[in-house]
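Structure, as structure tokens:
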Amino acid sequence: MRTSIIAALAAIGLLSVVGAPLHAQDATLTGAAAYGDFSKDAPGVWRKITVADLPNPGASPGAAFSKIVERPSDSQPHVLPGFTITAMATGLMRPRIMRFASNGDMFVGEVGLPKPAGSGPRHAS
């Protein structure tokens with residue numbers, strides 16, 4: 001019993017020493033700064049939005065007025081040193097779910113009904 005308590009305390013101490021440099025880089029965006037786009041996202045950046053930060057109901061247009069915008073060609077998510085990012089799939093219209101098979105194959109499900117090429121965006125009717 002005593003040995004397991006000592007081992008647990010040693011593990012906690014080791015984690016706090018190893019994790020301290022990573023935690024020191026954390027930044028928490030609050031208030032208006034918490035609302036933003038991908039350009040401020042990076043490992044260690046947190047966003048804290050409280051009820052007081054939310055707009056009043058009806059103060060902004062609803063999600064029914066949303067639109068899809070193209071990703072800027074020069075944009076790339078920020079990752080930790082030593083890691084890279086590569087697009088696995090492009091041209092998806094409305095991806096909503098991703099699952100992996102036991103052999104590692106990835107399946108992506110899209111919502112909406114497919115339409116013939118050239119007939120506009122694919123939407124459920």
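Below, the figures for the structure above:
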quantity	calculated
Subset of region 26-53 [within 16 Å of the chain's Cα centre (by Cα), more than 23 Å from residue 81 (Cβ to Cβ) and in a helix (DSSP H, G or I)]	34
Residues of region 38-58 classified as surrounded by 11 or more Cβ atoms within 10 Å (Cβ to Cβ), among the hydrophobic types (A, V, I, L, M, F, W, C) and closer than 27 Å to residue 74 by Cα, total	3
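This table checks each residue for (1) at pLDDT below 80; (2) within 25 Å of residue 40 (Cα to Cα); (3) not in a loop (DSSP other than H, G, I, E, B).
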| site | (1), (2), (3) |
| --- | --- |
| 80 | no, yes, no |
| 90 | no, yes, no |
| 98 | no, no, yes |
| 115 | yes, no, no |
| 122 | yes, no, no |
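The values are calculated or read from the model by the stated rules, or taken from the named source; none is laboratory data. These numbers were taken from a predicted model, which means no experiment stands behind them. Positions of Cβ are generated from backbone atoms using ideal geometry, with glycine treated the same way; all protein chains shown enter the neighbour counts.
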